[in-house]
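S.K.: Below is one structure. I have some questions about it.
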There are 2 protein chains.
Amino acid sequence: MKKITIGEAARQSGVKVPTVRYYESIGLLAAPSRSEGNQRSFEPADISRLAFIRHARELGFEIEAIRTLLTLQDDPHQSCASADAIAKARLVEVEQRIRSLMALKAELETMVEGCGHGRVDQCRVIEVLADHGQCTHPHH
Amino acid sequence: MKKITIGEAARQSGVKVPTVRYYESIGLLAAPSRSEGNQRSFEPADISRLAFIRHARELGFEIEAIRTLLTLQDDPHQSCASADAIAKARLVEVEQRIRSLMALKAELETMVEGCGHGRVDQCRVIEVLADHGQCTHPHH
DNA sequence: CTTGCACCTCTAGTCGCTAGAGGATGTAGG
DNA sequence: CCTACATCCTCTAGCGACTAGAGGTGCAAG
């Protein structure tokens, strides 16, 4: 077996070097074996695991959710109901966040459009911020 | 003048009591005068300022952006170009975030739909997470 | 053999709060 | 006036998920 350094692992998985060490420190990744000079030596399986974590993080899953997903992955005979539930919960979160951001976007657009590019005392941006009652879109 | 306690200020502005103290500590809100017994005594203007901050936070502006917006509000003769720029930048951020979340939503939906509710080794949720190449939507 | 990069551990910082300890003040009822 | 109780005070530490930096060691190429 060729030894995979932490730098290689980082490059291949797309996770930064300090983040790899961080994941090890919180027990998301098993501590790898070490070289004679005390340097980490990873296995290909570790790269896959790191890629899994990275992808899940990109999808916005929290570390604790990922921890659960990883234990599910480690034991393929389990029911995937938990994985399904976690993904569904995340989907609901994302949908809510999108709705909220759309309302936000509308309000920011109104603010920016209303700005006459003059002085602050006529600025709609400042004005709207100061007076929530001027919000056209009920969101927050 | 009637004295406004921190609790009243919090209730009227919708900012929590510890958060009001936090805003004071970071200099976003001027330190108010104190009662004989060392308790904070706010002015109506402080309530407006807190409401402004809260609204801006709800719109996702960062504290440093709010600090700038507040100094602009404090001097109404300035050009509102900065306020305009800050709001526009925030708008761009929000639009980007929405796009990214939409892609995410699509991917999560594919994952959840593909789940046969069986065992983990057939679970599309786990599978897609493990292999980024299966992503139908190029986003991250 | 030296240069220089990659690696090691450890601590502290980021952002925007939030929680809790331990004590002082203010107010309403008896 | 006394007591109960809510509210206030300061201070420190914690959250999530890293990121930055100090100060030192390993290793491979020229």
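S.K.: Over chain B, what lengths in whole Å, largest first, do the semi-axes of the equivalent ellipsoid take, defined as the square roots of 5 times the eigenvalues of the alpha-carbon gyration tensor? Walk me through the intermediate numbers first.
M.R.: Working: eigenvalues 433, 91, 21 Å².
Rounded to whole Å, the semi-axes are 47, 21, 10.
S.K.: Helix A:44-58 against the longest principal axis of chain A: what's the angle in degrees, Cα atoms only, rounded to the nearest 10?
M.R.: That helix lies at roughly 10 degrees to the long axis.
S.K.: Computing the accessible area with a 1.4 Å probe over protein heavy atoms, can you report the carbon and sulfur percentage for segment B:1-78?
M.R.: Values: 2270 of 4510 Å².
The nonpolar share, carbon plus sulfur, comes to 50 percent.
S.K.: Separate question: Above 24 angstrom, tally the Cα pairs of the protein assembly as shown and express them as a % of all pairs, no decimals. Don't skip to the answer; put the middle values down first.
M.R.: Details: 24936 of 39060 pairs.
I get 64 percent for the Cα pairs in the protein assembly as shown exceeding 24 Å.
S.K.: Which of the trypsin sites (Lys or Arg not before Pro) found in segment B:12-57 are loop residues per DSSP with 16 or fewer other Cβ atoms within 10 Å of their Cβ?
M.R.: On the way: sites: B:LYS16, B:ARG21, B:ARG34, B:ARG40, B:ARG49, B:ARG54, B:ARG57; in loops: B:LYS16.
Sparse-neighbourhood loop trypsin sites (Lys or Arg not before Pro): B:LYS16.
S.K.: Based on the Cβ-Cβ distance of A:ILE26 and B:GLU24, what FRET efficiency does E = 1/(1 + (r/R0)^6) give at R0 = 25 Å, to the nearest 0.05? Numbers along the way, then the final one.
M.R.: Working: r = 35 Å, r/R0 = 1.38.
The formula returns an efficiency of 0.15 here.
S.K.: Sticking with this one: Give the accessible surface of chain B per residue, rounded to a whole number of Å², with probe radius 1.4 Å and ligands, DNA and RNA excluded. Mind showing how you got there, number by number?
M.R.: Working: 7580 Å² over 140 residues.
For chain B, the solvent-accessible area averages 54 Å² per residue.
S.K.: Over segment B:1-78, what is the relative contact order in percent, taking alpha-carbon pairs closer than 8 angstrom and at least six residues apart?
M.R.: Relative contact order comes out at 31 percent.
S.K.: Residues of segment B:101-115 that become at least 10 Å² less accessible with every protein chain present than in their own chain isolated, using 1.4 Å: which are they?
M.R.: B:LEU101, B:MET102, B:LEU104, B:LYS105, B:GLU107, B:LEU108, B:GLU109, B:MET111, B:VAL112, B:CYS115
S.K.: Using a 7 Å offset from Cα along Cα-Cβ at B:THR68, what residues in segment B:83-98 end up with backbone N under 12 Å from the label point?
M.R.: It comes to B:83-91, nothing else.
S.K.: Note the buried accessible area between B and A here, summed over both chains, with a 1.4 Å probe, in Å² to the nearest 100. Could you put the intermediate results ahead of the total?
M.R.: Details: alone 9860 and 9860 Å², together 15150 Å².
Protein heavy atoms only, the B-A interface buries about 4600 Å².
S.K.: Calculate, axis by axis, the spread of Cα positions in segment A:1-78 along the three principal axes, and write the results as whole Å, longest axis first.
M.R.: 37, 26, 20
S.K.: At R0 = 45 Å, how high is the FRET efficiency between B:ALA106 and B:LYS3 if r is their beta carbon distance? Nearest 0.05 is fine. Before the final figure, lay out the partial values.
M.R.: Details: r = 55 Å, r/R0 = 1.21.
The pair B:ALA106/B:LYS3 has a calculated efficiency of 0.25.
The values are calculated or read from the model by the stated rules, or taken from the named source; none is laboratory data. As the structure is a computational prediction, the values presented were derived from the model and not from experiment. Counting neighbours? That spans all protein chains shown, and the Cβs are built from the backbone with ideal geometry, glycine included. Heads up: the accessible areas ignore ligands, DNA and RNA and are worked out on the full protein's heavy atoms, side chains in. Shrake-Rupley method; radii C 1.70, N 1.55, O 1.52, S 1.80 Å.
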